[in-house]
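Note sheet for the following structure.
The values are calculated or read from the model by the stated rules, or taken from the named source; none is laboratory data. Here the structure is a predicted model, which is why all the values come from computation and not from measurement. So basically every Cβ, Gly included, is an ideal-geometry build from the backbone, and we count neighbours across all protein chains shown.
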């Protein structure tokens, strides 16, 4: 099936609303997402469906059942049973583990609330013709780490990859069927919101959870900029924060995944922003890891402006798979990822309606010199020796160093710096 060559889908390929009553296989998924029904979406309908059309009704149903049981079986007044239920639930949320993984509920992926959000923002996920995410249909699909950029206020770029009926579901259903979005851990400490996010297929973005997802043969979407990128969001300015963000590269190398950059054009333009007390809010981000952006949309509310958001998926970046990645390999993959993201932006910004003078600003780690790589190699060797013991640590480091030289060449992998002798 041919795919369009620009980031703007044709009318026949607009994302679909999927109506379904039972679990479907990946092959059935591709058939069902082809049944297109375009819902009308006004501002009032947007709010009503998002508030009532998620999984909030499940919470209300459990509350009602608990109150009826307590009143008619235990003889408690309804307000006591409701209070006990709320106290127990809030306690559970505060201590419950968020390391749950697995497939999202397909019913919720195609429900009306998700379709309304997608239609209101004209939220599209587009995969160009030269991108192949499932090159060997006879084998299990590869695992990917999708980097979602920019963060914005709400990471709708992550949501665009999960919606039923997008390009991912149409042309690569096996990859889409195994795709999991990962979001900030603090979200799973908010009552009700936690259950909604879990039901929609989102998981904790901690390293342990991402490792579990990838080891199950699934793929994960990470919003790499995090709170550092969100607090700096400005309308009309495309900025990505990748400084001190090499952990996703190491994760891909250890778990045998490939890296895929994605960019959501128009995401920073759906709100207006203000920046009072920016120094205080930056301190909160750096110290407490709490992001407090000041923004507003329609009529001064948190409802975003009705402006299109188009998420474009780049080509996979294959990295060296190794349990102990050498710093030179990490640096090489990191630089290739940043370069691929910048090319993706420049290639598709015109088709997304951006002017020629609008550019992407990437805050990144500077390219490492040989002296820096030598120091990082020495620290890497010290960590291996501490973890595995002197003999096994040195053997493992030698293997990792040789693997890096085989992949990058002798000149690209300097010898580890020797510690300075004290006088």
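None of 105, 134, 129, 167 is assigned by TED's automatic domain parsing to the domain that holds residue 295, modelled with pLDDT under 70 and farther than 30 Å from residue 274 by Cα except 105. Looking across segment 250-261 at every residue that is surrounded by fewer than 24 Cβ atoms within 10 Å (Cβ to Cβ) and in contact with a strand residue (DSSP E or B) (Cβ under 9 Å, 6 or more places away or on another chain), the one that is nearest to residue 132 (Cα to Cα) is identified as 258. Restricting 329, 360, 384, 344 to residues that are in contact with a helix residue (DSSP H, G or I) (Cβ under 9 Å, 6 or more places away or on another chain) and under 30 Å from residue 236 (Cα atoms) narrows the list to 360. The listed residues are 201, 157, 236, 147, and the only one of them that is under 11 Å from the mean Cα position of the chain (by Cα) and either more than 20 Å from residue 271 (Cβ to Cβ) or surrounded by fewer than 21 Cβ atoms within 10 Å (Cβ to Cβ) (or both) turns out to be 147. Of all residues in segment 181-197, those satisfying the criterion of being buried (at least 18 other Cβ atoms within 10 Å of the Cβ) and assigned to a helix (DSSP H, G or I) are 188, 194, 195, 196, 197.
Does segment 256-264 include one or more residues that are assigned to a loop (DSSP other than H, G, I, E, B), within 19 Å of the chain's Cα centre (by Cα) and in contact (Cβ under 8 Å) with a residue 12 or more places away in the chain? Yes, some residue in segment 256-264 is assigned to a loop (DSSP other than H, G, I, E, B), within 19 Å of the chain's Cα centre (by Cα) and in contact (Cβ under 8 Å) with a residue 12 or more places away in the chain. Cβ separations smaller than 8 Å between residues 6+ apart or across chains give the following pairs from segment 393-407 residues that are assigned by TED's automatic domain parsing to the domain that holds residue 377 to residues that are at pLDDT 90 or above and surrounded by fewer than 14 Cβ atoms within 10 Å (Cβ to Cβ): 393/386; 393/387. When the criteria are applied in full, residue 303 fails the requirement of being under 20 Å from the mean Cα position of the chain (by Cα), part of a loop (DSSP other than H, G, I, E, B) and assigned by TED's automatic domain parsing to the domain that holds residue 229. Taken together, 356, 368, 378 contain a single residue that is surrounded by 10 or more Cβ atoms within 10 Å (Cβ to Cβ) and either under 30 Å from the mean Cα position of the chain (by Cα) or not in a helix (DSSP H, G or I) (or both), which is 368.
Any idea which residue in segment 265-296 is surrounded by the most Cβ atoms within 10 Å (Cβ to Cβ), counting only those that are assigned to a loop (DSSP other than H, G, I, E, B) and in contact with a helix residue (DSSP H, G or I) (Cβ under 9 Å, 6 or more places away or on another chain)? Applying the filter and picking the extreme gives 270.
Here residue 346 meets each of (1) touching a strand residue (DSSP E or B) at 6+ places or on another chain (Cβ under 8 Å); (2) without any contact (Cβ under 8 Å) to a residue 24 or more places away in the chain; (3) closer than 25 Å to residue 370 by Cα with one exception, condition (3).
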